[in-house]
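Here's the structure, in structure tokens; my notes come after.
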Amino acid sequence: TVIFFSGNYASTTLGFSNSELLIFFLTVQTTAIVGSVIFGILADSIGQKKVIVISLLMWLATVLLAFIIEDKGGFYIVGLIAGSAMGSSQSASRSLMSKLTPPDRKTEFFGFYSFFGKSSAVIGPLVFGLVSFLSGNQRLAIISIGVFFLLGLLILSKVKE
């Protein structure tokens, strides 16, 4: 949701041009690749759960900074953090899921994993759009997404590796 709406947020709230948006998304994608490699290596040494916690904290920093920052230059920094968090959270969560899943039930578990991923692709934008519509403020909408990262941290704290 954060990545999906970042273009809209950057253009309407911060006044990004199309060329600035292109540079922004290239930056995000590049850091996502770098983040997945670096955090993949880190996950091998400290564990996937710790890497996911770090990535959730990075997501919280991303939404907080997006809420606070009012200039284009600062938003590029938000993009760097978001890209790194995106790459690391995706690679580490799949790895942890694979580690925790019984071998004879991988299809079932990854089916649920996919279902919840698709559900979040609906719920996140719905919450963002609703908060943005009701408040008339995309800054509040972006910070409202942080609630999902906090919930993720809370749920993850109960997971035993």
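A few points about this structure:
- For the chain, the longest principal axis of the alpha carbon atoms and the long axis of helix 2-12 meet at an angle near 0°.
- The residues of the chain have, on average, 56 Å² of accessible surface per residue, using a 1.4 Å probe with all protein chains present.
- Cα-based helix-to-principal-axis angle, 48-68 vs the chain, degrees rounded to 10: 10
- Degrees separating the helix 146-157 axis from the principal Cα axis of the chain, which is the longest one: 20
- By accessible area, using a 1.4 Å probe on protein heavy atoms only, the chain has 72% of its surface on carbon and sulfur.
- Look at the Cα gyration tensor of segment 25-83: its axes a ≥ b ≥ c give a/c of at least 1.5 with a/b at or below b/c, and that counts as oblate.
- Using a cut-off of 18 Å between Cα atoms, the listed pairs Lys99/Lys160; Lys50/Lys106; Lys99/Lys158; Lys50/Lys118 include Lys50/Lys106; Lys50/Lys118 as exceeding that distance.
- With DNA, RNA and ligands ignored, accessible area of Met58 (1.4 Å probe; Å², nearest 10): 40
- Given charges at Cβ of Lys, Arg, Asp, Glu: segment 34-161 dipole, positive-most of Ser91, Ser132, Val37: Ser91
- Alpha-carbon centroids, segment 95-145 and segment 1-74: separation in whole Å: 16
- Rough spin-label spacing in nm, given labels placed 7 Å along Cα→Cβ, for Leu22 and Leu154: 4.4
- A simple charge model with +1 on the Cβ of Lys and Arg, -1 on the Cβ of Asp and Glu and nothing else charged puts the dipole of segment 86-161 at about 80 debye relative to its Cα centre.
- Working from label points 7 Å from Cα in the Cα-to-Cβ sense, the Val147 to Leu100 distance is 2.3 nm.
- Simple point charges give the picture: +1 on the Cβ of Lys and Arg, -1 on the Cβ of Asp and Glu, and for the chain a dipole about the Cα centre of about 460 debye.
- Gyration tensor (alpha-carbon) shape descriptor, segment 21-133, a/c threshold 1.5: oblate
- If the chain linking Phe4 and Leu126 were pulled fully straight, counting 0.36 nm for each residue of separation and taking away their Cα-Cα distance, it would gain 42.7 nm.
- Nitroxide proxy distance, nm - points 7 Å out along Cα→Cβ at Ile77 and Glu161: 3.0
- Here the gap between Leu64 and Phe112, fully extended at 0.36 nm per residue and compared with their Cα-Cα distance, gives a gain of 14.3 nm.
The values are calculated or read from the model by the stated rules, or taken from the named source; none is laboratory data. Remember, predicted model here, so these are calculated numbers, not experimental data. Backbone-built Cβ (ideal geometry, glycine too); neighbour counts: all protein chains shown. Protein only, heavy atoms only, side chains kept; ligands, DNA and RNA dropped before computing areas. Shrake-Rupley method; radii C 1.70, N 1.55, O 1.52, S 1.80 Å.
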